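No value in this document is a laboratory result; all are computed from the given coordinates. Keep in mind it's a predicted model, so treat the numbers as computed, not measured. In this analysis, Cβ positions are derived from the backbone assuming ideal geometry, glycine residues included, and neighbour counts consider all displayed protein chains.
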Amino acid sequence: MQFTAGGLVVAGSSLPQRLLGFLDAVLRGIGQVMLQGNSYTGLLFLAGIFYNSVLFGWAALLGAIASTVTAIFLGSDRSEVQAGLFGFNGALVAIALLYFLEPGALAWAYVVLAAAFTTVVMVALLRLLGTWRVPALTAPFVFTTWVFVLACARFGRLQTTAVLPTAGLPKAATVEGIVTASTVAEGLFSGIAQVFFQGNAITGAIFVAGLLVSSRVAAGVALAGSCAGLLVAWGLGAAEPAIRAGAFGFNSVLTAIALGSGLFAPRAAAAAYTTLAVVVTAVVFAAMSAALEPLGMPALTSPFVLVTWLFLLAGPLFRQLRSGGGAG
């Protein structure tokens, strides 16, 4: 057994070694929610979730375990399993379902089923998107959550909570509340916490610490992404409670990490391209929220997925973003 920058690497076939290797994969999976394949980062993320909610902490752990076990049982690529590529969507689905459903024995079983399903969706998308070299990101989580929450309308023993958006036609927004310094400070860290559905600024600060363990660049762009989402929402007149809660920040956080961690040639054009994507993500979040309101469905991380896919697909065609491009 040896330690690496990303966590534990366990060699050998004894039961304790296999268990440590499995734990490492599960924690990396939780870290991969913010694109960090680092088990120490995953452990801090888990600690941050438990700080805000014991229920969601156990949900994240169970979801990551269920999706990882499914990948192992079905014979997925071992390196991908160990990197945590099958754990993060399961962790997010588990939190989301227990955020929108009343907890109970049947709900927990429903969570395990959904987490296992994310593994199949993940592999299908890896195959489908591999042609264009585009990652699946959190698309399996989004698709699975929408399906499993919508299905509750036909399952009488699964009760939704009051936090699930009420279905109805979109209404015109009005400027609500006054944005203060405390709104900005709380919203900045809550925007990062909301990646895991945690509306808690201290949890967001713990998440930043987890990102710092893995990458200072990732931590920096995550904070910048949350700030950008907050400023867009403020500038365009979003409600103060939503800004304070970080509702407009978490998708921008993920977009910033995905595009701002060295994917493109390091020049001004790449920074501008990433900034454009991060800002647009906040607008797409508002659009997706309005579009899904008639169904009573949340946007989740669909804005991050859609914007990141579009910008990744377009990037190679922009000369200034390629390593061989002209001066930036």
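The Cα-based radius of gyration and maximum Cα-Cα distance (Dmax) for region 1-164 are 15.7, 50 Å.
Pairwise inverse Cα distances across region 151-307, averaged and inverted, put the Kirkwood hydrodynamic radius at 16.2 Å.
Write down Rg/Rh for the chain, rounded to two decimals, with Rg from the C-alpha atoms and Rh from the Kirkwood relation over Cα pairs.
Values: Rg = 19.3 Å, Rh = 20.0 Å.
Across the chain, the Cα-based Rg/Rh ratio is 0.96.
Going by how many other Cβ atoms sit within 10 Å of their own, how do S190, S76 line up, fewest first? Intermediate results must be reported in sequence, preceding the final value.
Numbers: S190 27, S76 18.
Fewest to most other Cβ atoms nearby, the residues stand as S76, S190.
Convex hull volume per residue, computed on the Cα atoms of region 102-156, equals 73 Å³. The stretch between R154 and I72 holds 26.3 nm of extra length on full extension. This uses 0.36 nm per residue minus the Cα-Cα distance.
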